[in-house]
Amino acid sequence: MTMAEQETDEPRVLRGLADGRSSVRLRAALAIGTDPDPRFVAGLVERCAVEPEFQVREMLTWALTRHPAASTVPALLGELRSQGAQARSQALHTLSKIGDRQAWPAITRALMSDADDEVARSAWRAAVALVPGGGEAELAGVLATQLGRGGRETQLSLSRALIALGAPMLPALRATYADPDPRVRRHAHATERLWRDPDAGFEFAIEEAKRVAVLGTSGQEGG
């Protein structure tokens with residue numbers, strides 16, 4: 001490809017990322033990922049912050065993972081300070097897919113407790129993917145502060161993140177069994193139930209946690 005052709009091709013591809021048709025945006029992201037070029041990293045990152053279609057966002061993330069981490073990670077880390085929730089969430093999601101542990105220090109407690117559920121969920125997944133060996137128990141302690149938060153999907157995301165840490169998460173999990181908030185206690189018990197029996201299902205684990213809570217209360221009253 002000649003220099004003139006490259007100069008013509010670059011704005012064409014970038015225009016495709018901003019096209020009003022999701023199919024065109026999808027093809028543009030696919031084209032960039034198929035033939036990676038550091039010139040397109042900034043455009044991909046910028047589009048991640050505003051792209052409304054899930055499939056296109058996933059293709060944007062894939063395209064970014066096809067580029068060298070040295071080009072993508074710094075740009076994504078900058079997005080973690082964005083005022084836009086989607087920018088933070090998608091950057092965290094992409095960092096978890098890239099898997100470069102140099103990004104670990106940027107996965108802060110503030111992000112893991114972000115007021116936006118999607119940002120927090122992405123931060124939990126990124127933290128689990130990037131935590132250095134030996135840091136699982138400390139990370140579990142941070143994640144455990146979010147037990148009882150949100151609806152079913154958010155709680156299930158947190159349970160999965162804790163379970164992915166393995167046995168080192170158990171002390172932090174069990175420390176919440178006496179929490180004054182019944183939602184925290186139920187979520188903690190359900191998470192351990194799922195860890196022990198992954199086939200149980202989250203709804204079953206929650207119902208069983210409720211029964212445990214009732215029996216525990218009855219036992220205290222009877223004692």
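Numerical summary
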item: FRET efficiency for Lys97 and Ala178, using Cβ-Cβ distance with R0 set to 35 Å, rounded to 0.05; result: 0.40
item: Angle in degrees between helix 69-79 and the longest Cα principal axis of the chain, rounded to the nearest 10; result: 70 degrees
item: Relative contact order computed over segment 74-174 (Cα-Cα under 8 Å; 6+ residues apart), in percent; result: 24 percent
item: Positive-end extreme of charge dipole, segment 1-152 - chosen from Ala129, Ala87, Pro11 (charges on Cβ); result: Ala129
item: Pair Ala137, Phe54: separation of 7 Å Cα→Cβ label points (nm); result: 3.8 nm
item: Under the Debye formula (equal points on every Cα, no solvent term), log10 I(q)/I(0) of segment 55-107 at q = 0.28 Å⁻¹; result: -1.19
item: Segment 96-138: C-alpha gyration tensor shape, a/c 1.5 cut-off, then a/b vs b/c; result: prolate
item: Rounded if a/c under 1.5, otherwise prolate or oblate - segment 65-161, Cα gyration tensor axes; result: oblate
item: Fully extended contour minus Cα-Cα distance, from Glu207 to Leu30, at 0.36 nm per residue; result: 59.4 nm
item: Dipole moment magnitude, nearest 20 debye, the chain about Cα centre, only Lys, Arg, Asp, Glu C-beta charged; result: 280 debye
item: Principal-axis tilt of helix 152-164 within the chain, Cα atoms, nearest 10 degrees; result: 90 degrees
item: Estimated [θ] at 222 nm from DSSP helical runs (n ≥ 4, -39500 (n - 2.57)) normalised by residues in the chain, nearest 500; result: -21500 deg cm²/dmol
item: Degrees, to the nearest 10: 117-130 long Cα axis against longest axis of the chain; result: 90 degrees
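Every number here is computed from the coordinates shown, using simple stated rules; none is lab data. Computed from a predicted structure; not experimentally measured. Cβ coordinates were reconstructed from backbone atoms using ideal geometry, including for glycine residues, and neighbour counts include every protein chain displayed.
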